[in-house]
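What follows is a short report on a single structure.
The values are calculated or read from the model by the stated rules, or taken from the named source; none is laboratory data. Computed from a predicted model, the values in this text were never measured in an experiment.
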Amino acid sequence: MPGKPVVVVDLPPAAVPRVLAEAGHALWVSPVLHPSVRHALPARRRLGVPAVFNMLAPLTGPAAFGPA
């Protein structure tokens, strides 16, 4: 892998299609793209258990990550 991937999690929604076209894949972060999710975040954090999607996303993503 030539270099490390760059992950920008606060990318504005309008820029995601450009990243998808250039990189071939893009990460869609719910709190940025769906403002209503921000209301659920405090309750999810208090639960202390990650959501199923938080556990599945790294397993299904196309990127190959290794030790930092």
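Here are the numbers:
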| read-out | value |
| --- | --- |
| Scan of segment 19-36 for residues that are under 16 Å from the mean Cα position of the chain (by Cα) and at pLDDT 80 or above, ordered by number | Val19, Leu20, Ala23, Gly24 |
| Residues satisfying the stated conditions in segment 10-37, i.e. in a loop (DSSP other than H, G, I, E, B) and among the β-branched types (Val, Ile, Thr) | Val29 |
| Any hit, segment 50-68, residues being more than 11 Å from the chain's Cα centre (by Cα), modelled with pLDDT under 80 and among the hydroxyl-bearing types (Ser, Thr, Tyr) | yes |
